[in-house]
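Please read the structure below before turning to the comments.
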Amino acid sequence: MKNEESPFTQSATHPALQRTHRVLILGGTGEALRLAEHLSQRSDLAVVSSLAGRVDQPTIPAGEVRIGGFGGVASLIEYLVTHGVDIVIDATHPFAAKISSHAELACRRVSIPLIALERPAWRPQQGDRWVPVPTFESAALLADQLGNRVFLSIGRQELDAFSECSKAWFLIRTIDKPTAPLPQRSRLILSRGPFQLGEERLMLRQEAITHIVSKNSGGTATQSKIEAARELGIEVIMVERPAVARSNSYTTVDHVYSRLEQLLRGHMASQLDSPEIKRL
């Protein structure tokens, strides 16, 4: 029986089907690093990772990298069009609401597919003592009680909300030295995760911590502090995530890979259906 070539084989040398697809990853997370490492190995993709530049010495992902914000929706649209971006993957931190909102608007306006990776939030388990709060300001008011010894683990960007606290004592952990004024009763330690459960448990005991202030970031990089708090019966003031209006989102890196493949196959099919290809 004669084997017939598929239309993909027949048209494989056509320039329209040889074009490399340009993928922009909005990064800064462990998931974004994994995406960049995997996708940059593909010959059919040109991968660019964008980092906000909030960390002095960020972990640099594989592939091309740009550092710095876009400056708003209009500037992001200009970048997408000027650089011929075909697909955007938003793998930013769950609390990076501004860039996620800007990406949603920009991609919608120029009809570029957006794949949003939304890391699942932590959920309280048996033994957890959580007090959910909507903002960092409300967390500061609750934490600043007489006699509290607070482990402040929220990064350096939101420390302004705690600068006026005067009653509680704070152990503050950040990756880089903060520029915002710190609470008058505090001690700063600089360290980068991930952190081990035993280390977190020991630190909380040695510092006699009574409360932890944390973002509900999800993931595993800083989850050990939540597990240690559960074991030690420490109350966690948990700052809830900001709401981001999304048309769709995916919860794992594997889901992102699957959606990307769907988009690439759809693009290939549309190219094969074009009048130019049909004439071949």
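The values are calculated or read from the model by the stated rules, or taken from the named source; none is laboratory data. Values in this document were obtained by computation on a predicted structure and should not be read as measured data. Please note: Cβ atoms are built from the backbone with ideal geometry, for glycine as well, and neighbour counts cover all protein chains shown.
For segment 59-69, does any single residue satisfy the condition of being of a type in the set (Lys, Arg), under 30 Å from residue 173 (Cβ atoms) and modelled with pLDDT under 95?
no
Among the residues of segment 137-154, which ones are of a type outside the set (A, V, I, L, M, F, W, C) and in contact with a strand residue (DSSP E or B) (Cβ under 6 Å, 6 or more places away or on another chain)?
148, 149, 153
Give segment 162-202 a look and list any residue that's of a type in the set (S, T, N, Q), part of a loop (DSSP other than H, G, I, E, B) and either in contact with a strand residue (DSSP E or B) (Cβ under 9 Å, 6 or more places away or on another chain) or outside the structural domain of residue 215 (by TED's automatic domain parsing) (or both), or say none.
Passing the criteria: only 191.
Cβ-Cβ distance below 6 Å, separation of 6 or more or different chains: which pairs start in segment 177-205 with a residue that is without any contact (Cβ under 8 Å) to a residue 24 or more places away in the chain and end on one that is exposed (fewer than 12 other Cβ atoms within 10 Å of the Cβ)?
Every condition considered, the pairs that remain are 184/166.
Out of segment 94-153, which residues are closer than 19 Å to residue 251 by Cβ, small (Gly, Ala, Ser) and in a strand (DSSP E or B)?
If the condition is that a residue be closer than 19 Å to residue 251 by Cβ, small (Gly, Ala, Ser) and in a strand (DSSP E or B), then 116 is the only one that fits.
Return only the number of the condition from (1) surrounded by fewer than 14 Cβ atoms within 10 Å (Cβ to Cβ); (2) in the same structural domain as residue 134 (by TED's automatic domain parsing) that residue 247 does not satisfy.
(2)
Would you be able to tell me the number of residues in segment 203-213 that are buried (at least 21 other Cβ atoms within 10 Å of the Cβ) and either basic (Lys, Arg) or not in a helix (DSSP H, G or I) (or both)?
4
Return a yes/no flag: does segment 158-166 have any residue that is loosely packed, with under 14 Cβ neighbours inside 10 Å and either under 22 Å from residue 93 (Cβ atoms) or touching a Phe, Trp or Tyr at 6+ places or on another chain (Cβ under 6 Å) (or both).
no
Among the candidates 227, 199, 240, single out the residue that is at negative phi, touching a helix residue (DSSP H, G or I) at 6+ places or on another chain (Cβ under 7 Å) and modelled with pLDDT of 95 or more.
227
Please specify each residue of segment 210-244 satisfying the condition of being of a type in the set (Gly, Ala, Ser) and in contact (Cβ under 8 Å) with a residue 60 or more places away in the chain.
214, 217, 218, 219, 221, 229, 233, 243
Output the residue which, of all residues in segment 86-116 that are in contact (Cβ under 8 Å) with a residue 12 or more places away in the chain and either assigned by TED's automatic domain parsing to the domain that holds residue 172 or of a type in the set (Ser, Thr, Tyr) (or both), is farthest from residue 261 (Cα to Cα).
101
Taking segment 236-267, which residues are in a helix (DSSP H, G or I) and farther than 21 Å from residue 22 by Cβ?
Correct list: 254, 255.
Filter segment 70-96 for residues that are surrounded by fewer than 16 Cβ atoms within 10 Å (Cβ to Cβ) and within 24 Å of residue 37 (Cβ to Cβ) and give the result.
83, 84 - these are the residues of segment 70-96 that are surrounded by fewer than 16 Cβ atoms within 10 Å (Cβ to Cβ) and within 24 Å of residue 37 (Cβ to Cβ).
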